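> Dropping the structure in here first, questions after.
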Amino acid sequence: MEELISGDRLLAVWNTGVGWLRTNVLVLDNAVQAAIIVLTLLLALLFAQRFKPLLERYRDHRNIGRGVVIAESMALSVIWLALMWLAMTIVGASDRPNGLLSTALTLLGAWIVIHLGSQFVRNRGLAKVITWAVWSIAALSILGLLAPVIEALDSAAIEIGELRISLYTVVRSTVSLAVLLSIALYLTSLTEARIRTSQTLSPTVQVLLTKSLKFVLLSLAVLVAIRSVGIELGALTVLGGALGLGVGFGLQKIVSNLISGVILLVDKSIKPGDIISVSGTYGWVTALGGRYVSVVTRDGVEHLIPNETLISERVENWTHTQRRTRLKLDVGVHHESDLRQVIAICEDAARATTRVLPDPEPKCLFIEWGDSSLKLQLRFWIGDAQNGVQNVKSDVLIEIWQRFKQHGVRVPYPQRDVHIRTGSERAPLHALA
């Protein structure tokens, strides 16, 4: 560790930097060029503030909205590049040195190209890391400092057995991993879009393919990044053993959910669009994840149910093999009602409801003599349970209520017979003892 922060090494780096400043910056011509660079930056800031409101008008346009957002983020750099190129042309025509301007122009051009390329990375944080890392490398190369910096970073190293880790190795592995991960994620998004538009693959197969592809590409990106920095994959056996031990103790639930997710995808018991009820939650399956299934209720609440729960507990899938669902409604009428008339009214009310299927036909059955009513049960089928169940029950009940009023059918109400005894009818006290 002392070698990493050696005073002689730090002093040598300082002297190199000061010498470069004296040779390339602290001279009159370079000072003039630096002033031109600052002036063009100020002008670019002014022009960019006037230019961005013009672009904002087209930000929500369906076809060019994304391009407008990119143009807004690059407006300052592009305007600055144009002003510096104009300034360098003027300085060059006057036979004055323009080396600093040329270097700044090259650096800015590299920044624009790299920034434009980073727009293909969906993750904005990762895009910024890649942009700055790649531009830093390009800047050091343009300035002729890349080789000395690499040598300095590589000399600051520690050794663990046969493994040598330097600052250069860490930086290179980080940059390689960021670039490879961004490429893997971009390829995954492109392939996923193609798979989701396929008409021949079922939703479950689409999810299985996209998840598997993402896992494979990300794993390859990590392995290639590790191999690119000279670390042998065999050295990861110890880490793999430790990871396996960790899985055995602390990651049981996570691994169980991952395996359960694969099982759900393979056996197709639950797929996006299904209507399920599990653990008191009733709703639509909107997504199958590696760890959980997303279920959205009619209240708009999204429940993230672990995959293991769907494997180990009882699940009601209303749309697993078919979309038809039978619903039941309990109806009660007065004891003096004509049962055959009431049955016909209930069945006609169900047929008159839009969402009730005509086949199988609605059926009303007399099921019980109650204390206060004659109890019947209306059974009917619907084919769109995803549009709600209670609302169609409400529609059928309203139809029944309206037809009951038209035909004079009486609804039940609680009845009690009260018998009052006079004083002479009371039993003697000694008879109660």
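The values are calculated or read from the model by the stated rules, or taken from the named source; none is laboratory data. Everything quoted here is computed from the prediction, not taken from an experiment. Reconstructed Cβ throughout: ideal geometry from the backbone, glycine too, with neighbour counts over all protein chains shown.
> Please find, among 400, 382, 345, 367, the residue that is outside the structural domain of residue 300 (by TED's automatic domain parsing), over 30 Å from residue 297 (Cα atoms), in contact with a Leu (Cβ under 9 Å, 6 or more places away or on another chain) and not basic (Lys, Arg). Steps first, please.
On the way: 400 fails: over 30 Å from residue 297 (Cα atoms); 382 fails: over 30 Å from residue 297 (Cα atoms); 345 fails: in contact with a Leu (Cβ under 9 Å, 6 or more places away or on another chain).
Selected residue: 367, the only one of 400, 382, 345, 367 that is outside the structural domain of residue 300 (by TED's automatic domain parsing), over 30 Å from residue 297 (Cα atoms), in contact with a Leu (Cβ under 9 Å, 6 or more places away or on another chain) and not basic (Lys, Arg).
> Only residues that are assigned to a strand (DSSP E or B) and either of a type in the set (Ser, Thr, Tyr) or surrounded by 14 or more Cβ atoms within 10 Å (Cβ to Cβ) (or both): list them for the stretch 326-365, please.
Selection gives 327, 329, 331, 332, 333, 356, 363, 364.
> Checking the conditions here, which among 379, 403, 410, 421 is surrounded by 12 or more Cβ atoms within 10 Å (Cβ to Cβ) and more than 25 Å from residue 326 (Cβ to Cβ)?
Numbers: 379 fails: more than 25 Å from residue 326 (Cβ to Cβ); 403 fails: more than 25 Å from residue 326 (Cβ to Cβ); 421 fails: surrounded by 12 or more Cβ atoms within 10 Å (Cβ to Cβ).
The unique qualifying residue is 410.
> Could you please give the count of residues in the stretch 366-402 that are in contact with a strand residue (DSSP E or B) (Cβ under 6 Å, 6 or more places away or on another chain), over 25 Å from residue 337 (Cβ atoms), not in a strand (DSSP E or B) and not aliphatic (A, V, I, L, M)?
1
> Next question, about the same structure. Identify, please: which residue in the stretch 251-303 is among the basic types (Lys, Arg) and within 18 Å of residue 322 (Cβ to Cβ) and is, among those, surrounded by the fewest Cβ atoms within 10 Å (Cβ to Cβ)?
Taking the candidates together, the pick is 268.
This table checks each residue for (1) touching a His at 6+ places or on another chain (Cβ under 9 Å); (2) surrounded by fewer than 19 Cβ atoms within 10 Å (Cβ to Cβ); (3) touching a residue at least 12 places away in the same chain (Cβ under 8 Å).
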| position | (1), (2), (3) |
| --- | --- |
| 77 | yes, yes, yes |
| 85 | no, yes, yes |
| 89 | no, yes, no |
| 109 | no, yes, yes |
| 116 | no, yes, yes |
